[in-house]
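Please read the structure below before turning to the comments.
All of the numbers you see were taken from the coordinates with simple rules; none came from a lab. This structure is a prediction, so every number in the text was calculated from the model and none was measured. Neighbour counts are summed over all protein chains in view; Cβ atoms, including those assigned to glycine, are modelled from backbone coordinates with ideal geometry.
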Amino acid sequence: MAIGNGIGVPFGKNAVGGGGGGFAFGNSYHFDGVNDNMNEGGTDSSTCFNPFNQTDWTAAMWLKPDGSAFNHNTAPFGCGRYVNDAGFGSVVFFNGTAGGNIVRVYSNLYNATFTYEIPAATLADWFHLAVTVEMVDASNQEAKIYINGDLKETKTFTNYNLVDTSTSFRLGGWNNSSSFINAYMNQPVFQESLLSATDISDLYNGGSGANASDIMTTMKSGYLGTEAVGTTTGTITDVTGNQDLTMSGFVAPYGVVSDTP
Amino acid sequence: MSFKSNEHSWAFILESEYKPNDITLSHYEVNVVVLSAEAVPYRNLEWTGSLLPELDTWDVFQSAKEAADFLESN
């Protein structure tokens, strides 16, 4: 089984990332919270990762704050921009007056949001975050937050539209630099379809050492992040070549750390 | 404020005040434009190693948290 840096990023409708890889936790990436991010480049809607907008989607990853919590208003991933409190293009934020201990899922309106406060004990170590959005019908969407494989919050939005598609997708933040997260990250997964609670649980348990091949057989075909990832400031590529992300702001050793879930 | 040498550092200056000819470009591993919380563009340098006096007019931090707070508060 391929053991890589654990940050291959499957994109797109098929979001293929398996490729014989799977639960690779060889290394993680460290985002310094100042300027580190990985982005698609480009600024138009055609380059933005569209699954966050008007379709079923799933995002999942292992995270650990660099510090006691995430910095206020930082994002593990995003696609959009801040518009004077009237809109957020980002999908998921961590914030809270005591630090970024609250995971907040936004719609396109600032006040259309729902939250889950992550316990300090969970933030003290690696934890698995998953967010799903299901298009129930043309107007209603059901969003869920999972932490460590368990469903924590569910909310139905109306006319959910998360993305300001004028900017490109970023890992480790979104368009506004002050949103860049202070975190260690492993196995980010993005899929343009809905994962079930069982799937999410299996993802979490995979990180705890479950037999990857057994889990893979129960999953939709290959949505897992695998190895890949350069250790330079150049372009990183997932193993399938579906999507390149350009690393920005990293200094040697380019964010790669051995700390893993 | 005093700084230790050979540490990880971040420096900021308003992009409108950035003069590339006034700094030793090779000293800095990262030289990018970042946006503060108020979407103000800042020139941001990042490096590991000694501090140079050429950054007297910059806001320099040797803590990622303090550097992030600077962006959050501007």
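Below are the figures for this structure:
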read-out: Long-range amide H partners of A:ILE118 with built H, under 5 Å; value: A:ILE102, A:VAL103
read-out: Cβ-defined net charge surrounding A:THR158, 15 Å radius [Lys, Arg +1; Asp, Glu -1]; value: -2
read-out: Rough spin-label spacing in nm, given labels placed 7 Å along Cα→Cβ, for B:ASN21 and A:THR246; value: 2.7
read-out: Interchain or long-range residues, amide H under 5 Å from A:VAL136's placed H; value: A:GLN141, A:GLU142
read-out: Simple spin-label estimate for B:GLU38 and A:LYS152 in nanometres, 7 Å along Cα-Cβ; value: 3.2
read-out: Amide H contacts under 5 Å for B:GLU7, placed H, 5+ residues apart; value: B:GLY49
read-out: Percent of Cα pairs exceeding the 17 Å cut-off, where the set is chain B; value: 37
